[in-house]
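The structure appears below as structure tokens.
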Amino acid sequence: MAMTMVEKILARAAGRTAVKPGEIVNVAVDTTVLIDLNFYHGYWHEFKKIADSERVVVIFDHIVPPKDLQSAEALKRGRNFIKRFGIDRVHDVGPRMGISHQLIADEAYALPGSVLACIDSHTCSAGAFNCLARGMGNPEMVFITAKGTTWFWVAETIQYRLEGTLSPEVSAKDIFLRIANEYGDHANYNVEFVGSAIAQLSLNARRTLATMCSEISVEFVVFEADSKVVEHVRARTARPFEPQFADAGARYANIRTIDLAAIEPMVAWPDSVVRNSRPVGEARGVSIDQAFIGSCANGTLDDLAVAAQILKDRKVASTVTLIVTPGSQAIYAEAVKRGYVETLVAAGAVVTSSTCGACAGLHMGVLAAGERCITASTRNFRGRMGSPEAEIFMGSPATVAASAIRGEIADPRQFIGGRG
Amino acid sequence: MLVTGRVWKFGDNINTDLMQPVEAILKPVDEQPRYAFSANRPGWSDLVRQGDIIVGGRNFGTGSGRPAARVLLQLGIAAIVADSIPGLFFRNCVNYGMPALQCAGFHASVDEGDVIEINLGQSRVTNTRTGQAFDGTKIPEQLFRLMSSGGVFRLLEREGFLEPEAAG
């Protein structure tokens with residue numbers, strides 16, 4: 001039977017020749033990623049035994065360095081777990097620190113054709129590497145850590161064919177906002193991205209797109225493992241992997257073609273990205289108090305580069321706080337080396353150490369009531385970044401950087417590329 | 001498994017951050033429920049009673065992996081019926097033992113305060129005011145068993161993987 005990419009990865013993981021929508025499949029989980037949240041009071045359960053320490057990765061990312069006693073105790077619990085069960089792949093506070101989904105990508109923990117689980121909803125990020133990855137919630141992460149297996153309810157798949165050439169000032173974030181605006185939520189559907197335009201998208205850009213698919217509630221999102229993906233992974237791990245491609249004749253719930261050349265910078269209005277975005281011009285003039293570039297979706301070196309390009313020899317408006325949070329300390333170090341950090345700081349940005357931080361409203365950039373933010377991060381739910389009376393608009397890192405300069409939502413094409 | 005209860009009606013795209021706001025997620029477990037829906041329905045957590053049922057629209061529970069289903073269980077919510085429930089929230093419902101049924105079109109047929117009856121095993125929901133019955137998406141047997149037997153923590157304690165404690 002012809003299968004989609006998702007179905008083929010599930011079939012392999014389940015040890016079956018075929019799976020089809022509607023079935024429950026029980027699979028072995030190849031990679032189990034625990035983060036600091038798993039070790040918090042109210043989440044943590046003391047294990048007597050775990051399935052396989054070789055399959056576990058521990059990454060502290062949501063609140064690092066610890067902001068209070070509770071966070072500190074969680075990290076300590078995590079370190080005890082790491083020691084007790086002999087976990088080798090660890091990212092504690094320090095030079096290897098970073099946001100889990102960034103590190104899963106950069107350290108090649110996401111193996112093409114494999115299954116990866118993590119508590120965090122943006123785990124679908126690893127779909128950029130042909131890895132079937134998703135957020136699971138805490139009880140399930142306890143289950144998977146203990147037993148090494150889980151179940152999936154096989155969903156139907158929607159295929160997006162990306163064609164055409166993206167304008168230089170338009171990014172993966174804009175592609176996503178356009179899809180979310182046009183097609184709404186994708187609850188109970190998988191998404192596969194294919195098409196001739198994928199090759200021109202960097203791995204960072206693909207990951208932005210995959211990460212954001214959490215916001216339209218996809219079941220899984222996957223890209224094909226092209227040579228870029230395979231070379232990236234082979235250069236970083238000796239673990240074996242087997243990319244999966246869709247079969248000819250695989251059945252899709254829908255096939256939609258997106259012309260990237262027709263996409264312009266987009267802005268999502270507060271509270272949701274589902275059918276809630278418009279071209280940036282329609283948001284022009286909306287004043288802002290904070291601008292944020294960071295998170296597992298937009299803390300990449302590409303994102304810092306575009307922010308630095310726009311902010312070079314310019315100033316952040318005196319009425320705006322611009323916070324930039326690199327996706328990992330390794331990215332931070334590279335951004336220092338390339339001069340991006342110097343440019344950003346000179347422009348007035350606050351560049352923080354790597355953490356989920358402001359994106360999750362936990363620390364380093366929390367919004368007060370009545371404040372308005374434009375963010376290049378993952379999520380703009382009401383109350384997400386602090387007060388439920390704050391407003392969160394969303395755009396690409398270029399749009400956020402341009403807006404930080406103007407003090408109001410602004411079109412990045414004023415500063416780069418296109419119309420001058 | 002039969003659940004009968006009074007309906008609280010919520011709309012489309014109700015997200016986990018509304019159920020469990022950021023200010024609540026790191027509070028002690030017992031203090032978290034009172035923040036539920038404080039942004040969109042202030043005072044709701046004081047009005048909800050043991051055995052009540054939430055009826056949502058499309059995409060109910062979109063968002064994060066935070067234990068929002070547990071918070072609703074703590075408030076006494078006996079079941080959730082929604083036009084659609086995304087995978088992450090649905091998995092949390094299964095794993096915490098919160099009965100959750102997807103039933104497209106049911107939302108529009110219900111008023112707040114109606115009493116509805118859910119036959120979870122048959123994936124059927126009936127509005128006792130109108131007598132109208134809907135068939136939801138059949139819940140696979142394996143998930144039904146987990147959902148209706150208290151979720152994974154009890155299972156893992158029984159099987160000797162976890163130190164026994166209150167589910168969290």
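Bear in mind these aren't lab numbers, they're just calculated from the coordinates by the rules spelled out. Nothing here was measured: the structure is a model prediction, and the numbers come from that model. We place every Cβ from the backbone using ideal geometry, glycine too, and count neighbours over all the protein chains shown.
Gaussian network model of chain B, Cα springs within a sub-10 Å range: biggest mean-square fluctuation belongs to which of B:Pro21, B:Pro42, B:Pro33?
B:Pro42
In peptide B:80-89, what is the residue-averaged number of other protein chain Cβ atoms found within 10 Å of each Cβ?
Details: counts 0, 0, 1, 1, 5, 3, 11, 16, 15, 5.
If you average over the peptide's residues, the count of other-chain Cβ atoms is 6.
Would you calculate the separation in nanometres between label points at B:Glu112 and A:Glu163, each defined as 7 Å from the Cα along the Cα-to-beta-carbon direction?
4.8 nm
Amide H of A:Val29: which non-local residues (sequence gap of 5 or more, or other chain) have their own amide H closer than 5 Å, using H built in the peptide plane?
A:Thr149, A:Thr150
Given a Förster distance of 41 angstrom, what is the FRET efficiency for A:Thr319 paired with A:Thr17, based on the Cβ-Cβ distance and rounded to 0.05?
0.10
List the residues whose amide H sits under 5 Å from the amide H of B:Phe106, counting only those 5 or more places along or on another chain, with H placed 1.01 Å from N in the peptide plane.
The answer is none.
Using modelled backbone amide H atoms (1.01 Å from N, in-plane), which distant-in-sequence or interchain residues come within less than 5 Å of A:Val57's amide H?
Amide H neighbours of A:Val57: A:Thr32, A:Val33, A:Leu34.
What list of ³J(HN,Hα) couplings, whole Hz, do you get for region A:377-387 from phi and the Karplus terms 6.51, -1.76, 1.60, once you set θ to phi - 60° and write x for glycine and proline?
9, 8, 8, 10, 4, 4, x, 4, 9, x, 5
Just tell me how shielded B:23-33 is by partners: mean number of partner chain Cβ atoms within 10 Å of each residue's Cβ, no decimals. Provide the component values of the computation, followed by the final result.
Details: counts 6, 0, 8, 12, 3, 3, 3, 1, 0, 1, 0.
Partner-chain Cβ atoms within 10 Å, mean over residues of B:23-33: 3.
Using a cut-off of under 18 Å, list every residue of region A:261-285 whose amide N is near the label point 7 Å from the Cα of A:Ala199 along the Cα-to-beta-carbon line.
Under cut-off, by backbone N: A:261.
If Lys and Arg each add +1 and Asp and Glu each add -1, what is the summed charge of the other residues whose beta carbon sits under 12 Å from the beta carbon of B:Trp8?
Taking every other residue near B:Trp8 into account, the sum is 0.
Report the charge-dipole magnitude of region A:212-281 in Debye, nearest 20, computed about the Cα centre from +1 at each Lys and Arg Cβ and -1 at each Asp and Glu Cβ. Before the final figure, lay out the partial values.
Details: 8 positive and 10 negative charges, 20 e Å.
So the magnitude is around 100 debye.
For chain A, just say rounded, prolate or oblate: build the C-alpha gyration tensor, square-root its eigenvalues into a ≥ b ≥ c, call rounded for a/c under 1.5, and beyond that prolate if a/b exceeds b/c, oblate if not.
Details: a/c = 1.75, a/b = 1.22, b/c = 1.43.
Since a/c reaches 1.5 but b/c is at least a/b, the shape of chain A is classed as oblate.
Tally Lys and Arg at +1 and Asp and Glu at -1 over the other residues with C-beta under 12 Å from the C-beta of B:Arg34: what net charge comes out? Can you show the working numbers first?
On the way: positive: B:Lys27; negative: B:Glu23, B:Asp30, B:Glu31, B:Asp46.
After counting each charged neighbour, the total is -3.
Of the candidates B:Asp111, B:Asp17, B:Asp30, which one comes out as most mobile in a Gaussian network treatment of chain B with C-alpha springs shorter than 10 Å?
Among B:Asp111, B:Asp17, B:Asp30, the largest mean-square fluctuation in the Gaussian network model of chain B belongs to B:Asp30.
When a/c reaches 1.5 or more, the comparison of a/b and b/c decides; with that in mind, is chain B rounded, prolate or oblate per its Cα gyration tensor?
Since a/c reaches 1.5 but b/c is at least a/b, the shape of chain B is classed as oblate.
Only bridges with both residues in region B:2-158 count here: give the DSSP antiparallel percent, nearest 5.
50 percent
Given the pairs A:Lys49/A:Lys228; A:Lys173/B:Lys138; A:Lys76/A:Lys147; A:Lys173/A:Lys337; A:Lys83/B:Lys27; A:Lys8/A:Lys228, which span a C-alpha to C-alpha distance of over 30 angstrom in this model?
As for pairs spanning more than 30 Å Cα to Cα, those are A:Lys49/A:Lys228; A:Lys173/B:Lys138.
In whole Hz, with x marking every Gly and Pro, tabulate ³J(HN,Hα) for region A:278-287 from phi via Karplus 6.51 cos²θ - 1.76 cosθ + 1.60, θ = phi - 60°.
Result, rounded to whole Hz: 9, x, 3, x, 6, 9, 4, x, 6, 6.
Quote the relative contact order of region B:2-158 in percent (integer), defining contacts as alpha-carbon pairs under 8 Å separated by 6+ residues.
24 percent
Calculate, for A:Met1 and A:Lys49, the FRET efficiency according to 1/(1 + (r/R0)^6) with r their C-beta to C-beta distance and R0 45 Å; round to the nearest 0.05.
Using R0 = 45 Å, I get an efficiency of 0.75.
Would you mind counting up the charge near A:Ala360? Only other residues with Cβ under 9 Å from its Cβ, with Lys and Arg at +1 and Asp and Glu at -1.
Around A:Ala360, the charge tally is +2.
Could you calculate the contour length gain from B:Leu2 to B:Arg154, that is, 0.36 nm times the residue separation minus the distance between their Cα atoms, to one decimal place in nm?
52.6 nm
May I ask you to derive the relative contact order of chain A, considering only C-alpha pairs under 8 Å and at least 6 residues apart, and to give it as an integer percent?
Working: 1036 pairs, mean separation 73.8, N = 420.
After rounding, I find 18 percent.
So if each residue of separation counts as 0.36 nm, and I subtract the Cα-Cα distance between A:Ile255 and A:Val336, what length gain in nm does that give?
Separation in residues times 0.36 nm, less the Cα-Cα distance, equals 24.9 nm.
Using 1/(1 + (r/R0)^6) with R0 = 41 angstrom and r between the beta carbons of A:Asn26 and B:Thr126, what's the FRET efficiency to the nearest 0.05?
Once rounded, the FRET efficiency stands at 0.80.
Could you derive backbone 3J(HN,Hα) for region A:406-413 from the dihedral phi with the Karplus parameters 6.51, -1.76 and 1.60 (θ = phi - 60°), listing whole Hz in sequence and x where the residue is Gly or Pro?
Once rounded to whole Hz, the list reads 6, x, 8, 4, 9, 7, x, 5.
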